């Protein structure tokens, strides 16, 4: 395809071509340049050298980003709206999500040296600023265009927000420079894909979280997906292969970080990582270091990842900075997780130190089918006891987790990363949801088998001598899992035919069948015991937010 346009002159380029598919139709380059010129005039009136931008609509994001650059502002891109991120951004004016650009357009000239600042939470949970100059971003966009040969007209659809480095490059800057249209809306659920791109032709820029939860319906996916990318976090080998089979094209994984930009890529989950053109990697004392045109200077940067050479590429061996000190013992969290993954009950595991005196480790686990059977037969307490006894044979006593959370998926952010904050939140109070032993989809319905542990929060105080699950918890679970499996509208507007026929007791295994009828806005739910006896059921109604 043609060489990508330089980012510095995008808002001043001649000609018209499709830029973005928005809710009101296709917007072209002429309209985009006009909007950027209006946004620049609007932002020029704001005080200070910086503005903060947090916008999920990729078209609006692109307009404000280039408008701010043409107004001479540095753009701050907080990763979320947490208190820590707000503190990191400081007093910089914030562009509201519903803000408009009301000023008359100003004449634009090519950009000089513009800058933005991304923020990453890092391994400690404290936001870390990562400044990027326009020249760095231009170099990375050009490298992506030369590395990946994509159909020039296939629109880009993304499940990752544009204020993260991966979404910024793959959903906004690269499409703009390559004159390839992008879809403005962020893909929240895989099922939204057909609504956003009716003919199915697209380049899918996805997070590992989305690729591990693809629908199993025979009617999905739409035909014609031209390419699939995954970045922002690790994608398990089995998940990469399953996604490639489901989508009909290999998953191009891109490895990098907010600080370094892209480092390497692969299209086979069993293959070593291959450095991107212009990027050189070295392995010093087992740690991967990188020199890159996407960095602010020629100095090597350590990634903090352990690696080993493999031919012309390398293989990653996990993080090197996950060492904590407990009771005067240095504990490798990676080692503890590796010991857990050797247990037949454990499919995925993350551990973290928990506050308290003395400090203890907590473990969040996803179970294998064998582990699910053990949970249903023995209960959580006996399952955890068995794991502790086996871990004690290979780990020092402080390294054996003392608190456990069983989850059907590790908590991930929009980039597919399991963050410290999300893990810590699992241990903040008793768990509220049952453990999903398995799930089976059937068209517009899904059936979940759930283990209802005695430690769940809804049992507290209901009732001390004869605990039973409150009916409202069953309704909450139906809504929660309905949103996970279907693209439900935001507002639950009513319910009908709600029946509670048999109490759910601690330790029970129940099946929950959910069926979504989008034409009626109706979600039906039915709970049954293992012997088929009904526990509860009813209909819930959902509607779009009023405009």
Just need a number here: residues in segment 2-19 that are touching a strand residue (DSSP E or B) at 6+ places or on another chain (Cβ under 6 Å) and closer than 25 Å to residue 72 by Cβ. 1
Restricting segment 267-286 to residues that are within 26 Å of the chain's Cα centre (by Cα) and closer than 19 Å to residue 318 by Cβ, which is surrounded by the fewest Cβ atoms within 10 Å (Cβ to Cβ)? 270
Considering 439, 374, which residue is farther than 21 Å from residue 354 by Cβ, in the same structural domain as residue 529 (by TED's automatic domain parsing) and crowded, with 16+ Cβ neighbours inside 10 Å? 439
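When you check residue 348 against the structure, is it touching a residue at least 40 places away in the same chain (Cβ under 8 Å) and surrounded by fewer than 19 Cβ atoms within 10 Å (Cβ to Cβ), yes or no?
It is true that residue 348 is touching a residue at least 40 places away in the same chain (Cβ under 8 Å) and surrounded by fewer than 19 Cβ atoms within 10 Å (Cβ to Cβ).
Take segment 313-331 and flag every residue that is part of a strand (DSSP E or B) and surrounded by fewer than 17 Cβ atoms within 10 Å (Cβ to Cβ). Break it down stepwise before answering.
If we filter segment 313-331 for residues that are part of a strand (DSSP E or B), which is where we start, we get 313-319, 323-326, 329-331.
Answer for segment 313-331, where residues must be part of a strand (DSSP E or B) and surrounded by fewer than 17 Cβ atoms within 10 Å (Cβ to Cβ): 313, 315, 316, 317, 318, 319, 323, 325, 326, 329, 330.
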Considering only segment 91-122, state which residues are farther than 29 Å from residue 32 by Cβ and at pLDDT 90 or above. 91
Just to be sure I understand the filter: pairs with C-beta atoms under 7 Å, separated by 6 or more residues or on different chains, first member in segment 78-93 and in the same structural domain as residue 53 (by TED's automatic domain parsing), second member assigned to a helix (DSSP H, G or I) and modelled with pLDDT of 90 or more. Which pairs pass? 78/89
Going by the structure shown, is residue 399 over 20 Å from residue 209 (Cβ atoms), free of Cβ contacts under 8 Å to residues at least 24 places away in the same chain, touching a strand residue (DSSP E or B) at 6+ places or on another chain (Cβ under 8 Å) and surrounded by 17 or more Cβ atoms within 10 Å (Cβ to Cβ)? no
When both residues are 6+ apart or on different chains and their Cβ atoms are under 6 Å apart, which pairs have a first residue that lies in segment 281-296 and is touching a residue at least 24 places away in the same chain (Cβ under 8 Å), and a second that is in a loop (DSSP other than H, G, I, E, B)? 287/320; 290/260; 292/279; 293/278
Could you figure out which of (1) in contact with a strand residue (DSSP E or B) (Cβ under 8 Å, 6 or more places away or on another chain); (2) surrounded by fewer than 16 Cβ atoms within 10 Å (Cβ to Cβ); (3) farther than 22 Å from residue 159 by Cβ isn't true of residue 310? (1)
Quick check, is residue 88 within 20 Å of residue 120 (Cα to Cα), within 20 Å of the chain's Cα centre (by Cα) and not in a strand (DSSP E or B)? no
Wholly within segment 480-537, which strands (runs of 3 or more DSSP E) include no fewer than the required count, namely at least 2 residues that are touching a residue at least 40 places away in the same chain (Cβ under 8 Å) and under 16 Å from residue 450 (Cα atoms)? 509-517, 522-529
Given (1) surrounded by fewer than 20 Cβ atoms within 10 Å (Cβ to Cβ); (2) in the same structural domain as residue 135 (by TED's automatic domain parsing); (3) touching a residue at least 40 places away in the same chain (Cβ under 8 Å); (4) closer than 30 Å to residue 355 by Cβ, index of the condition residue 303 fails: (1)
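The values are calculated or read from the model by the stated rules, or taken from the named source; none is laboratory data. Note that the structure is a prediction, hence the values are computed from the model and not measured. All Cβ positions, glycine included, derive from the backbone under ideal geometry; neighbour counts span all protein chains shown.
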